[in-house]
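Participant: One structure is given below, represented as structure tokens, and several questions about it will come after.
The values are calculated or read from the model by the stated rules, or taken from the named source; none is laboratory data. Worth saying up front: this structure is predicted, and the values here are computed from it rather than measured. All Cβ positions, even for glycine, are placed from backbone atoms using ideal geometry, and neighbour counts span all protein chains on display. With ligands, DNA and RNA removed, areas are computed over all heavy atoms of the protein, side chains included. Shrake-Rupley method; radii C 1.70, N 1.55, O 1.52, S 1.80 Å.
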Amino acid sequence: MIRKALWIGLACLALAGVLGVLTVLEDTADVETAAAQPPLRQVTVIAAQIGAHAGSVNVFAEVTPRWQVDLRSRVSGVVSDAAPVALAGSRVSKGDVLLQLEDAPYVANLSDARSVLENTQFELRKKKNKHTIALKDWRAVNPDRQPPEMAVHIPEVRVAERTVSAAEARVAAADYDLSSTLLRAPFPAIVTKRNVSPGATVNEGDVLFSVLDDSLLDIQVSVGAREWSLLNRNWQSLGVTVYSDTDQKIGTAKVRQGGGFLDPQSRKYQLFLEVERANETGILPGAFVRVSLPGRALEQTLRIPESALTQNGFVWFLDDTERLQRFEARPLFRDNGAIVVRVPDFLRKHEEFRVVALPMSAYLPGQKVEPVKREAGE
């Protein structure tokens, strides 16, 4: 019993010693943790100057050919032949024959009209000769008196002249119908659609071909009142850059006209652009492009990276005490990865801002941070 009690006592002493050591270690760890200072969050900042900054107004629009038309048959008939160039996708020159209709009925009509014209011309000559003879007879008898028109057959001459004029018009109409059996390209163009084949019967007004001219391209742009106010006042003298849907520069354009009216549906200003050197660019009719219109320089603005604007519309910056601050901003221009924003009135006393390049949602106003400066071009 004595030995058992001795072992129990030694075990209790050992347990008490272990608990004492743990207590001392725990107190030491608390003191060391409380004494360590947490490192400041590092933020990347760039220097942005308040001043007059310009940008561009970007608008999406469709490229359209200036000249495009559906070629319709002006007469009816049977297609006797179609030219080899009269296929969809082919290029044709002005005046090229695309299609031939059977012309026998129109040749006959023209011959009849010419025959009638010759008869009327012969009748006119007879009436004029009759008038000349009657006038000589009258003057021989009444040299001092003006003859009545009926006495010298003047009304007959007038009727004969009108008959000749009508016959000449019928000849011109018949000749026009005969020439219309040949369908020609009205301008240098690309055939985009063919709706007829040899042997087909066509009626007057049927659409036979669709063609367009890709050498003159236009772009009609719609801008709202806010974008219109941001445009450079001399926008007609400045070049406009055209980008593809993949943001590749594919050409330039000039403003031909604009601003004279609002679209009745969208209530937006309309600008009419003409593509420069369309044949030398990658701009194609029907393309959906981005047009970059030059904007005017705006005072009291900052030009900052697009990444500096948060999703909820704030720009973060550092004050003189290295603490985070922010202001709400709305992009005025977007240009090549940068934006231009207006500085609030209460911050315009500053000349330079250290703008946070990549703000995070965890930032809090007044939070002290460690700035890491980045050059604007990096």
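Participant: Under a 1.4 angstrom probe, counting protein chains only, how are E351, E322 ranked by accessible area, largest first?
Facilitator: From most accessible down to least: E351, E322.
Participant: Mean projection of the alpha-carbon convex hull of segment 41-83 over all orientations, in nm²?
Facilitator: For segment 41-83, the mean projected area of the Cα convex hull comes to 10.0 nm².
Participant: With a cut-off of 8 Å between alpha carbons and a minimum separation of six or more residues, what is the relative contact order of the chain in percent? Present the calculation step by step, with values, prior to reporting the outcome.
Facilitator: On the way: 693 pairs, mean separation 103.6, N = 378.
Reported relative contact order: 27 percent.
Participant: Would you mind calculating the relative contact order of segment 120-257 from Cα pairs under 8 angstrom and at least 6 residues apart, reporting the percent as a whole number?
Facilitator: Taking the mean separation of contacting Cα pairs over the length of segment 120-257, I get 14 percent.
Participant: How tilted is helix 104-141 with respect to the longest principal axis of the chain? Cα atoms for both, answer in degrees (0 to 90, nearest 10).
Facilitator: On a 0 to 90 degree scale, this one is about 50.
Participant: Can you tell me the order of 337-348, 282-293 when each peptide is scored by its average per-residue count of other Cβ atoms within 10 angstrom, highest first? Don't skip to the end; give the middle numbers.
Facilitator: Working: 337-348: 15.5, 282-293: 17.8.
The most tightly packed comes first, giving 282-293, 337-348.
Participant: Quote the charge dipole size of the chain about the Cα centre in Debye, to the nearest 20; the model charges only the Cβ of Lys and Arg (+1) and of Asp and Glu (-1).
Facilitator: The dipole of the chain has a size of about 780 debye.
Participant: Roughly how many nanometres apart are two label points built 7 Å out from the Cα toward the Cβ at Y243 and K368?
Facilitator: Rounded to a tenth, the inter-label distance reads 4.3 nm.
Participant: Sticking with this one: Please list, in chain and number order, the residues 5+ apart from G239 or on another chain whose amide H is under 5 Å from its amide H, with Hs placed from the backbone.
Facilitator: Excluding prolines and chain starts, which carry no amide H, there are no hits.
Participant: R41's amide H: which non-local residues (gap 5+, or another chain) put their own amide H closer than 5 Å, with H modeled 1.01 Å from N in plane and none for Pro or chain starts?
Facilitator: Close amide H contacts, sequence-distant or interchain: E370.
Participant: In addition: In whole angstrom, how far apart do the alpha carbon centroids of segment 304-378 and segment 49-119 sit?
Facilitator: What the calculation gives is 58 Å, centre to centre.
Participant: Using helices alone, what [θ] at 222 nm do you get for the chain, with -39,500 (n - 2.57) per DSSP H run of 4 or more residues, divided over all residues and rounded to the nearest 500?
Facilitator: Computed mean residue ellipticity for the chain: -10000 deg cm²/dmol.
Participant: May I pose another question? For Rg/Rh (Cα atoms, Kirkwood Rh), one of (i) 1.15; (ii) 1.47; (iii) 0.95 was computed from the structure I shared and the rest are decoys. Which label?
Facilitator: Here Rg/Rh (Cα atoms, Kirkwood Rh) agrees with entry (ii).
Participant: List the relative contact order of segment 204-313 as a percent without decimals, with contacts defined as Cα pairs under 8 Å and 6+ residues apart.
Facilitator: Dividing the mean separation by the residue count of segment 204-313 yields 32 percent.
Participant: Rounded to the nearest 0.05, what FRET efficiency do K268 and K130 have when you use their Cβ-Cβ distance and R0 = 51 Å?
Facilitator: 0.10
Participant: Within 9 Å, Cβ to Cβ, of S222, how many net charges do the neighbouring residues add up to if Lys/Arg are +1 and Asp/Glu are -1?
Facilitator: Combined, the nearby Lys, Arg, Asp and Glu give 0.
Participant: Points 7 angstrom from Cα along the Cβ direction at F122 and A225: gap in nanometres?
Facilitator: About 7.8 nm, to one decimal.
Participant: Which one, G55, G260, G95, has the greatest fluctuation when you compute a Gaussian network model over the chain with C-alpha springs under 10 angstrom?
Facilitator: Largest GNM mean-square fluctuation: G260.
Participant: For the chain, what is the accessible area per residue in Å² when the probe is 1.4 Å? Let's see the in-between values first.
Facilitator: On the way: 23230 Å² over 378 residues.
So the chain comes to 61 Å² accessible per residue, rounded to a whole number.
Participant: Could you derive backbone 3J(HN,Hα) for segment 297-306 from the dihedral phi with the Karplus parameters 6.51, -1.76 and 1.60 (θ = phi - 60°), listing whole Hz in sequence and x where the residue is Gly or Pro?
Facilitator: Coupling constants for segment 297-306: 6, 10, 6, 6, 10, 10, 10, 9, x, 4 Hz.
Participant: To continue, here is another question. Could you pull out every one of the aspartates and glutamates with an alpha carbon less than 20 Å from that of K127, ignoring same-chain neighbours closer than 8 positions?
Facilitator: Straight-distance partners of K127: E118, D137, E149, E156, E161, E168.
Participant: Also, I was wondering about something else. From the backbone phi of segment 339-349, what are the Karplus-calculated ³J(HN,Hα) couplings (6.51 cos²θ - 1.76 cosθ + 1.60, θ = phi - 60°) in whole Hz, Gly and Pro given as x?
Facilitator: For segment 339-349, the Karplus-derived couplings read 10, 10, 10, 8, 8, x, 4, 6, 10, 6, 6 Hz, x marking Gly and Pro.
Participant: Then there is this: Does anything in segment 282-297 have its amide N under 16 Å from the 7 Å Cα→Cβ label point of N58, and if so which residues?
Facilitator: Within reach of a label on N58: 288-295.
Participant: Computed over the Cα atoms, what is the radius of gyration of segment 275-378 divided by 2.2 N^0.38 Å, N being its residue count?
Facilitator: On the way: Rg = 18.0 Å, N = 104, 2.2 N^0.38 = 12.8 Å.
Expressed relative to 2.2 N^0.38 Å, the Cα Rg reads 1.40.
Participant: Distance in nm between label sites at L40 and L87, each 7 Å beyond Cα in the beta-carbon direction?
Facilitator: Using points 7 Å along Cα→Cβ, the separation is 7.5 nm.
Participant: What is the gain in length, in nm to one decimal, between N203 and S165 on full extension, counting 0.36 nm per residue of separation less the C-alpha to C-alpha distance?
Facilitator: Value of the extension gain: 10.7 nm.
Participant: Which angle from 0 to 90°, rounded to the nearest 10, does the C-alpha axis of helix 154-179 make with the longest principal axis of the chain?
Facilitator: So the inclination is approximately 40 degrees.
Participant: Continuing with the same structure: Taking a probe of 1.4 angstrom, what is the accessible area of K136 in Å², to the nearest 10?
Facilitator: 140 Å²
Participant: Okay, moving on. For helix 2-35, report the angle its Cα long axis makes with the longest principal axis of the Cα atoms of the chain; keep it between 0 and 90° and round to the nearest 10°.
Facilitator: Value to nearest ten degrees: 50.
Participant: Here is a follow-up. Springs between alpha-carbon atoms under 10 Å, Gaussian network over the chain: tell me which of A140, A169, A253 tops the mean-square fluctuations.
Facilitator: Top of the fluctuation ranking is A140.
Participant: If I build a Gaussian network model for the chain, linking alpha-carbon pairs within less than 10 angstrom, which residue out of A151, A47, A173 has the largest mean-square fluctuation?
Facilitator: Answer for the Gaussian network model of the chain: A151.
Participant: May I pose another question? Summing +1 for each Lys or Arg and -1 for each Asp or Glu, what net charge is found among the other residues whose Cβ lies under 15 Å from the Cβ of F333?
Facilitator: Charge balance in the 15 Å sphere: +3.
Participant: Same structure again: How much net charge surrounds T181 when only other residues with a Cβ under 13 Å from its Cβ are counted (Lys, Arg +1; Asp, Glu -1)?
Facilitator: Around T181, the charge tally is -4.
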